[in-house]
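The values are calculated or read from the model by the stated rules, or taken from the named source; none is laboratory data. Given the structure is predicted, the values throughout are model-derived calculations rather than measurements. Glycine also receives a Cβ, built like all others from the backbone with ideal geometry; neighbour counts cover every protein chain displayed. For the accessible areas, the whole protein counts, side chains as well, though only heavy atoms, and no ligand, DNA or RNA atoms are used. Shrake-Rupley method; radii C 1.70, N 1.55, O 1.52, S 1.80 Å.
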Amino acid sequence: MNAHPNTRVLCVSPENPEPDVIAAAAEVLRDGRLVAFPTETVYGLGANALDEAAIQRIYAAKQRPSNDPIIAHIANTDQLRQVAVDIPDVAYQLAERFWPGPLTLVLKRAAVVPAVIAAGLETIAVRMPSNKVARALIDAADVPVAAPSANTFTRPSATTAQHVLHDLGGRVDLVLDGGATTIGLESTVLDLTGGAPKILRPGGVTMDDLSAMFPGTSFALRYTESDEANVSPGQMLKHYAPNAQMNLFSGPLYSVLVAMKDSAARCVEAGQSVGFLVAKEDAPHLGDKGVVRVLGKRDDLKTISHNLFAAMRDLDELGVDVILARDFGRSGLGVALWDRLLRAAEGQIIDVR
Ligand code: TXA
Ligand code: MG
């Protein structure tokens, strides 16, 4: 049964996307309408990136403010040259090494791409996804595809078609259900428009990966309440936030676990229900005052990242009042995880040091 009469859902094989399904979806895109599709990071809410009215539909469907620019997804390097101009050598080197994959490059925008995709900026964020459904869809549509994450603005990103329908059912024309995404966190956004590469959003391609190639790479992360245009848009706090209040604990692991257990007890005393977002080995230390969602083993940041957004949504579905989560360190993917947790907690860190 389809609960959303305006939204069609088509299942598609993640390994061998059925050509007829892909052709139908490509037709919807070329028609100026919206298609949600899986990428290796999270689901995207796609529209023809060369069609201004179609891009406007994305902002409307997501209830996203128009000062938050959108990534153009491409399937080949001809499309890179279609959407961007003055492409520096670094971009080609990075593309060679990391595309297709979870790296988004911010470049100078070509005039053929409507300014609305970039919230009026003179730049364009471009990514070549590796997911086979995404690749086949962009190929078949034969246009670059504008796609933000397929969640309602400020909600955790969608890593399954069910998440997409939960947030956008009735407001997207077609959802391609290609199963759960593999990485689970959004791409790394790298600005190449001014000197050395700057990481605007940490993600699947890490600082270690990038600085191995370009030692001058730096972080330019912003955690502010306001979202003034033209600095580093889309980097505002309260992004990826669950409905529950989220508390983020940081410090030596043993102290963190004790503090989380105590905090849960106090919440329950105050009449609030609690959920924990933790690693497998943490679970036995948390007492019995909350629902535990295990994200993965302590050292397995890949699995923890893969499960994070789904677990946040899961705890929201259960209706918990408070989510207690912990810091997973800053090595490799840890930076991206910390970034998402910090935004979900709206910057509120409980430091137990
Ligand atoms: O993994 C991903 O990147 C997913 C999948 C669907 O590809 N997409 C995604 O899109 O996360 P979105 O719209 O949720 O996040 C895009 C990020 C935002 O932080 C936005 O500010 C930044 O990229 N961005 C987009 N265009 C930009 C531009 N021209 N300059 C600077 N930042 C830009
Ligand atoms: Mg997003």
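Scanning the stretch 114-150 for residues being within 16 Å of ligand 2 (Cβ to nearest atom) and modelled with pLDDT under 95 gives a total of 1. Scanning the stretch 289-306 for residues that are closer than 30 Å to residue 269 by Cβ and either buried (at least 16 other Cβ atoms within 10 Å of the Cβ) or of a type in the set (Lys, Arg) (or both) yields 289, 290, 292, 293, 294, 295, 298, 304. Quickly run through the stretch 80-112 and pick out the residues that are hydrophobic (A, V, I, L, M, F, W, C) and assigned to a loop (DSSP other than H, G, I, E, B). If the condition is that a residue be hydrophobic (A, V, I, L, M, F, W, C) and assigned to a loop (DSSP other than H, G, I, E, B), then 87, 99, 110, 111, 112 are the ones that fit.
Yes/no per residue for (1) modelled with pLDDT under 95; (2) closer than 20 Å to residue 351 by Cα; (3) in a helix (DSSP H, G or I):
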{"site": "203", "(1), (2), (3)": "no, no, no"}
{"site": "230", "(1), (2), (3)": "yes, no, no"}
{"site": "239", "(1), (2), (3)": "yes, no, no"}
{"site": "264", "(1), (2), (3)": "no, yes, yes"}
{"site": "268", "(1), (2), (3)": "no, no, yes"}
{"site": "271", "(1), (2), (3)": "no, no, no"}
{"site": "277", "(1), (2), (3)": "no, yes, no"}
{"site": "282", "(1), (2), (3)": "no, yes, yes"}
{"site": "289", "(1), (2), (3)": "no, no, no"}
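In this structure, residue 67 does not qualify as away from ligand 1 (no atom under 16 Å from the Cβ) and at pLDDT below 95.
Could you tell me whether the stretch 53-63 includes any residue that is part of a helix (DSSP H, G or I), open to solvent by less than 10 Å² (accessible area, probe 1.4 Å), at pLDDT below 95 and among the charged types (D, E, K, R)? Checked the stretch 53-63: at least one residue is part of a helix (DSSP H, G or I), open to solvent by less than 10 Å² (accessible area, probe 1.4 Å), at pLDDT below 95 and among the charged types (D, E, K, R). Within the stretch 168-196, the only residue that satisfies the criterion of being within 13 Å of ligand 2 (Cβ to nearest atom) and either open to solvent by 10 Å² or more (accessible area, probe 1.4 Å) or modelled with pLDDT under 95 (or both) is 189. The single residue among 318, 337, 341, 286 that is open to solvent by 70 Å² or more (accessible area, probe 1.4 Å) and hydrophobic (A, V, I, L, M, F, W, C) turns out to be 318. When the residues of the stretch 156-184 are filtered to those that are polar (S, T, N, Q) and within 13 Å of ligand 1 (Cβ to nearest atom), the one that is farthest from residue 306 (Cα to Cα) is 157. Taken over the stretch 197-209, the criterion of being free of Cβ contacts under 8 Å to residues at least 40 places away in the same chain and either more than 15 Å from ligand 1 (Cβ to nearest atom) or open to solvent by less than 10 Å² (accessible area, probe 1.4 Å) (or both) is satisfied by 199 alone.
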